[in-house]
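Below is one structure; the comments refer to it alone.
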Amino acid sequence: MKIYCAKDYEQASRITANILAAQIILKPDCVLGLATGSTPIGAYENLIKRYEAGDLDFSSVHSINLDEYRGLTPSNSQSYRYFMNTHLFDHVNIDKKNTFVPDGLEEDKEKACQDYDEIIRSHGGIDLQLLGLGHNGHIGFNEPGDSFAKTTHCVTLAESTVAANARFFASASEVPKEAYTMGIQSIMQAKKILVMVCGKDKKKIVQKAFYGSITPQVPASVLQLHPDVILVGDEAALM
Ligand code: F6R
């Protein structure tokens, strides 16, 4: 695992954007695995700046997001599709037809999951997967459990995740209780994984996930088995 310890969130965002940009420059038709949440927002802002400066071209890039709340429309400001559009896709020359987020409106859970796995498969997998890290060690919405869920599945969100995400909703009761998420196997099959973690509230889980035992109780711990992981964080999370 390569570790880049930045002095603060702004620098960590620039480093994360550098790595994503390098991937796009080296392979213009790459498949990026993208994440939502508060952590990658600064990296996406940096990518937009580089696009505006003429240094990045997203026209052949494909993206496959990790997860989506079940039951939210793409136009709902809390849906992850809306997040991706407003934080990145609307500001760069990516073709939205080449951007994928699980279909939160598909009521047939099995179909939603199979369709998404087929999207990942038909793209030949993911070149670079960006991940954030949940306080309980979740990646995507793969919550702590007794086994690692392999493929895309529908999850009931852990209470702590609902509580953490309540900051984006009017109240905790409005946070959807279910989500579709890419599975651990699909994440682990990405050629390269880029984890961004910032803030002192993530320090404990960083220790557990990257230096503790590998267990489905800490889903991110499985990343220790991946041959090409880059961890970018600020001093508060990493030191
Ligand atoms: C989002 C996602 C989640 C977040 C995690 C950390 O697509 O998959 O696993 O990465 O909940 O969220 P933040 O960045 O808000 O701390």
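General observations
- The helix-only estimate of mean residue ellipticity at 222 nm for the chain, built from DSSP H runs of length n ≥ 4 each weighted as -39500 (n - 2.57), is -9500 deg cm²/dmol after division by the residue total.
- Paired Rg and Dmax values of segment 127-239, which use every Cα atom, in angstrom: 13.8, 41
- Candidate cross-link partners of residue 96 among the lysines, defined by an alpha-carbon separation under 21 Å and a same-chain spacing of 8 or more, comprise 27, 49.
- Only Lys, Arg (+1) and Asp, Glu (-1) charged, at Cβ; segment 69-200 dipole about Cα centre in debye: 440 debye
- Over segment 13-143 - Rg/Rh using Cα atoms and the Kirkwood inverse-distance radius: 0.95
- Axial C-alpha extent at least 15 Å, average Kyte-Doolittle at least 1.6 - helices from the chain (DSSP): none
- Taking other Cβ atoms within 10 Å as a rough exposure proxy, 226, 62 sort from fewest to most as 226, 62.
- 232, 162, 175 arranged by Cβ crowding within 10 Å, fewest neighbours leading: 162, 175, 232
- DSSP beta bridges in the chain [antiparallel fraction, %, rounded to 5]: 25 percent
- Normalised contact order of the chain, rounded percent, pairs of Cα under 8 Å and 6 or more residues apart: 26 percent
- Remark: the chain carries a charge dipole of roughly 680 debye about the Cα centre, counting +1 on each Lys and Arg Cβ and -1 on each Asp and Glu Cβ.
- Environment charge of residue 236, counting only residues whose C-beta is closer than 10 Å and scoring Lys/Arg +1, Asp/Glu -1: 0
- Neighbourhood charge, 12 Å Cβ-Cβ cut-off, centred on residue 188 and excluding it, Lys, Arg +1 and Asp, Glu -1: +2
- Segment 105-184 and segment 1-24: distance between their alpha carbon centers, rounded to Å: 24 Å
- In sequence order, calculated HN-Hα J values of segment 181-187 (Karplus, 6.51, -1.76, 1.60; Hz; x Gly/Pro): 9, 4, x, 5, 5, 5, 5
- Check: segment 69-129 dipole with +1 on Lys, Arg Cβ and -1 on Asp, Glu Cβ, in debye: 180 debye
- Take every DSSP beta bridge whose two residues both sit in segment 117-220; close to 55 percent of them are antiparallel.
- Where Rh is the Kirkwood radius over Cα pairs, Rg/Rh for segment 174-239: 1.00
- Cα-based reach from residue 177 at 16 Å (exclusive), listing lysines while leaving out same-chain residues under 8 positions away: 109
- Inverse of mean 1/r across different Cα pairs in the chain, Kirkwood, Å: 17.7 Å
- Amide H contacts for residue 195 (H built 1.01 Å from N in the peptide plane; partners 5 or more residues away or on another chain; cut-off under 5 Å): 131, 230, 231, 232.
- Sorted fewest first by neighbouring Cβ atoms within 10 angstrom, 196, 1, 84, 239 come out as 239, 1, 84, 196.
Values in this text are rule-based calculations from the coordinates and carry no lab data. As the structure is a computational prediction, the values presented were derived from the model and not from experiment. Positions of Cβ are generated from backbone atoms using ideal geometry, with glycine treated the same way; all protein chains shown enter the neighbour counts.
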